[in-house]
Structure formats: C-alpha cells, structure tokens
Amino acid sequence: QWMDYGGWYDRRKCTWQLILDMQIVAAMGPPGGGRSQISERTQSRFNMLNFTFPADAEVVRIFETLLTLHFADFDDEIKPMGKGIATATLNLYKKVVKKFLPTPKKCHYLFNMRDIAKVVQGI
C-alpha cells in the first residue's frame, strides 16, 4: 500500500496514515533454492540492478594480484605461486557451486566471490 499510495489505511481509527520521507532498499538473489520470484507489479516499483559473476580470467587476475603482493616478502620459490593458487581456488569454487546446489532444505548453499576471498585471506 505504501509503494502505491504513499501510506497505510489505519483500520482501527478509520483514517489514512500518510508516510513521508521513507525509502525502501531491497536485495535478493535469483529465484530457486527456496527463493521465490517477485511479482512484476512489485518489481516495477524498484530500480533493478543486476551484477553477473566476472569471467574466470578476471577473477584469477584479481586474486593473483592480491596473492602476488602478499607473497612479495616470501622466498623466491613461493613468489610465483599466486596465479596457481588463484586458479586452483577458482576451480574448487566452481566444483562446489555445481555440487552443492541450494534447495529449500539447504538454502544456505549459496556461494559467491566472498568465499573465494576467504580462502585467499586465509593464506
């Protein structure tokens, strides 16, 4: 009611309650795994932004850069391992995403780039 008319009807007092200076900020993942699709009517009230997962080469480059900077003070045999670790972590991530799909009972099986970052941060 607020999104369409700017307020709510108070059934106890039988009056209209006008709501001023209010914003709604919302976020959601794609439908599936217990998450429902929102109606087109509700969706039309929001500005929609969609962020797709970056290409594999971009993810490897991001984490390779972080690891290379981290390994700068290590021995010479450790320094070039950044790209290999970043690639292996991405491959593991992709296998986990394929194997552990979200379901209504296991809706916590949602993975994103933050999970890759946690691996890199742990090194």
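In table form, for the structure just shown:
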read-out: Qualifying residue in the stretch 34-57 (condition: within 21 Å of H108 (Cβ to Cβ), open to solvent by 60 Å² or more (accessible area, probe 1.4 Å) and charged (D, E, K, R)); value: yes
read-out: Residues of the stretch 77-100 satisfying the condition of being among the aromatic types (F, W, Y) and within 18 Å of Q121 (Cβ to Cβ); value: Y93
read-out: Selection count where residues are of a type in the set (S, T, Y) and at pLDDT 85 or above, scope the stretch 1-14; value: 1
read-out: Verdict on L66 being in a helix (DSSP H, G or I) and within 26 Å of M28 (Cα to Cα); value: no
read-out: Flag if T89 is among the polar types (S, T, N, Q) and touching a helix residue (DSSP H, G or I) at 6+ places or on another chain (Cβ under 9 Å); value: yes
read-out: Positions within the stretch 1-33 being open to solvent by 70 Å² or more (accessible area, probe 1.4 Å) and either under 18 Å from the mean Cα position of the chain (by Cα) or under 19 Å from T52 (Cα atoms) (or both), in sequence order; value: V25, A26, A27, M28, P30, P31
read-out: Verdict on D75 being over 18 Å from the mean Cα position of the chain (by Cα) and among the acidic types (D, E); value: yes
read-out: Qualifying residue in the stretch 40-57 (condition: closer than 26 Å to Q121 by Cβ and not in a loop (DSSP other than H, G, I, E, B)); value: yes
read-out: Residue check for E58: more than 18 Å from the chain's Cα centre (by Cα), charged (D, E, K, R) and modelled with pLDDT of 85 or more; value: no
read-out: Count of the stretch 88-106 residues which are surrounded by fewer than 13 Cβ atoms within 10 Å (Cβ to Cβ) and in a loop (DSSP other than H, G, I, E, B); value: 5
read-out: Check on F111, assigned to a loop (DSSP other than H, G, I, E, B), of a type outside the set (V, I, T) and exposed (fewer than 13 other Cβ atoms within 10 Å of the Cβ); value: no
read-out: Single match in Q17, Q37, Q23 (criterion: at pLDDT 85 or above and not in a helix (DSSP H, G or I)); value: Q17
read-out: The stretch 58-71, residues that are more than 24 Å from V97 (Cα to Cα) and either surrounded by fewer than 10 Cβ atoms within 10 Å (Cβ to Cβ) or touching a Pro at 6+ places or on another chain (Cβ under 9 Å) (or both); value: T68, F71
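The values are calculated or read from the model by the stated rules, or taken from the named source; none is laboratory data. Note that the structure is predicted; figures quoted are calculated from it, not measured. Virtual Cβ from ideal backbone geometry, glycine too; neighbours counted across all protein chains shown. With ligands, DNA and RNA removed, areas are computed over all heavy atoms of the protein, side chains included. Shrake-Rupley method; radii C 1.70, N 1.55, O 1.52, S 1.80 Å.
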